[in-house]
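The values are calculated or read from the model by the stated rules, or taken from the named source; none is laboratory data. Being a predicted model, the structure only gives us computed values, none of them experimental. Neighbour counts run over all protein chains shown; Cβ positions are idealised from the backbone, glycine included. SASA here: full protein model, heavy atoms, side chains in, ligands and nucleic acids out. Shrake-Rupley method; radii C 1.70, N 1.55, O 1.52, S 1.80 Å.
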Amino acid sequence: MIRLVRGFKDILPEETGLWQYVEGVVRELFDDFGFAELRIPIVEQTELFARSIGADTDIVEKEMYTFADRSGGSLTLRPEATASVVRAYIEHKLYAKDPVWKLYSVGPMFRRERPQKGRYRQFCQINAEVFGLHDPRADAELVLFLMTFMQRLELSDIELHINSLGCPECRPSFKKALKAFLAGRSERLCSDCLRRRDKNPLRIFDCKVPSCKETMQDAPSILEHLCKDCRNHFDTVQRALEGFYIPFQTNHRLVRGLDYYTRTTFEVLAGALGAQDAVAGGGRYDGLVKSLGGPDQPGVGFAIGVDRVMELLAGRAQEFEKRPDLYIAALGSQAQDRAFEWMQHIRRQKVRTEMDFQDRSLKAQMRRANKLGASYVLIVGDRELEEGAAVLRNLETRKQEQVPVRDLVSIVVSNIRRSRII
Ligand code: HAM
């Protein structure tokens, strides 16, 4: 048997109801917050990711699915969406119509990480980007969006961590302090971090190797090196969050796994997830649009890891399984023909309806109705047709009533609708 590729997964019918529910909640919320959907491709030129995410990051160094195109170029399955959204903002000159855009995308990302619980090689992200706004309230609003989303899904045990990574003005002084701190600690760093120490020392905060992590516990804090503008920006973000009673912790080690960030970074963590506890993460990237050849427009965004949200909601999958409202148990060929016709009319009125095509016994059909979790069964045989009345049974209350065949569709539909309201 040919099996799934390691790190990839199928999302089975019993799970897809919950996925659709979460996607519905988030699309509604994006609407309320004034976001428009942007659909971007899964494949991009490799260079786009190397230049935006950063050549020294784990993603670009080790995790990309890159392949040679037959026409000679190098292509990569997107490991994240921000780079593609920025490319589209520039390529379609969206900024010329209006520099301010609020865009969201939903879809699969690909990273060749070591698979484990909560970490897959194909995973789904809900991604949001806001362009053209320097104001710290834009950062706070995205965090507010994330927390509202978590609340709507009734997720608890959630922590919010925030940090500021400064700007090209103040970061060099921090890098200098960090390099001085690392100078006497070479023997504690892994070979990747030794290599990153001179070029990109902030990356060391993100290293998972225990001795590197331990070393960085005593590292200087970037928050003590912020310039006046970055300090003000970060203070305003915090005040805005406090204004909405959103609890948060500042975490000066939160550099995130991508190099494009400036100023605010944030992450939402869920204790119940174990080792891979980040449900969502994001931040500001004021230099990225320009560095990819666009105008000097700021950006800020986030991505939610949908697979991890699903893990938190796993116990609720059953609530969202789609069950028929009505199952028609038809006995005899005439009844089957009429039932088939009724079913199409009933479905047109948005009542989920199923029937059996195998001419089985009433007992077998009732068993199937129960197995599918139908709310009602309509029982009709050739004799009922002749007498002009079928039987509608509520499987929950076990109450049943006669329904005249002549007005069957409208009566059945209105009965089922009424019971939905109750
Ligand atoms: P990220 O932190 O790399 O940020 O990913 C965001 C979220 O995607 C993570 O918090 C996690 O929930 C989920 N995720 C990441 N990798 C995996 C994986 N291998 N398996 C399952 N879930 C995963 C970004 O991707 C940025 N583009 C976010 C952003 C948007 N920043 C600004 N705009």
query: How many of the residues in the stretch 125-153 are within 8 Å of the ligand (Cβ to nearest atom) and of a type in the set (A, V, I, L, M, F, W, C)?
result: 1
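Results for (1) under 30 Å from residue 117 (Cα atoms); (2) open to solvent by less than 10 Å² (accessible area, probe 1.4 Å), shown as yes or no for each residue.
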| site | (1), (2) |
| --- | --- |
| 228 | no, no |
| 232 | no, no |
| 239 | no, no |
| 242 | no, no |
| 246 | yes, no |
| 268 | yes, yes |
| 280 | yes, yes |
| 297 | no, no |
query: Would the stretch 143-162 turn up any residue that is assigned to a helix (DSSP H, G or I) and farther than 23 Å from residue 301 by Cβ?
result: no
- request: Among the residues of the stretch 80-117, write down those that are within 8 Å of the ligand (Cβ to nearest atom) and either part of a strand (DSSP E or B) or under 13 Å from the mean Cα position of the chain (by Cα) (or both).
  value: 80, 81, 109
message: For the stretch 252-274, which positions are within 12 Å of the ligand (Cβ to nearest atom) and assigned to a loop (DSSP other than H, G, I, E, B)?
response: 254, 255, 256, 257, 258, 259, 260, 261
message: Residue under question is residue 180, and the condition is that it be assigned to a loop (DSSP other than H, G, I, E, B) and open to solvent by 40 Å² or more (accessible area, probe 1.4 Å); does it hold?
response: no
- request: Kindly establish whether residue 324 is under 30 Å from residue 48 (Cβ atoms), more than 16 Å from the ligand (Cβ to nearest atom) and open to solvent by less than 60 Å² (accessible area, probe 1.4 Å).
  value: no
query: Would you pick out the residues in the stretch 124-149 that are of a type in the set (A, V, I, L, M, F, W, C) and either surrounded by fewer than 20 Cβ atoms within 10 Å (Cβ to Cβ) or closer than 18 Å to residue 284 by Cβ (or both)?
result: 128, 130, 131, 133, 138, 140, 142, 143, 144, 145, 146, 147
- request: Would you kindly identify the strands (runs of 3 or more DSSP E) lying entirely within the stretch 346-400 that contain at least 1 residues that are touching a strand residue (DSSP E or B) at 6+ places or on another chain (Cβ under 8 Å), without any contact (Cβ under 8 Å) to a residue 24 or more places away in the chain and crowded, with 21+ Cβ neighbours inside 10 Å?
  value: 389-394
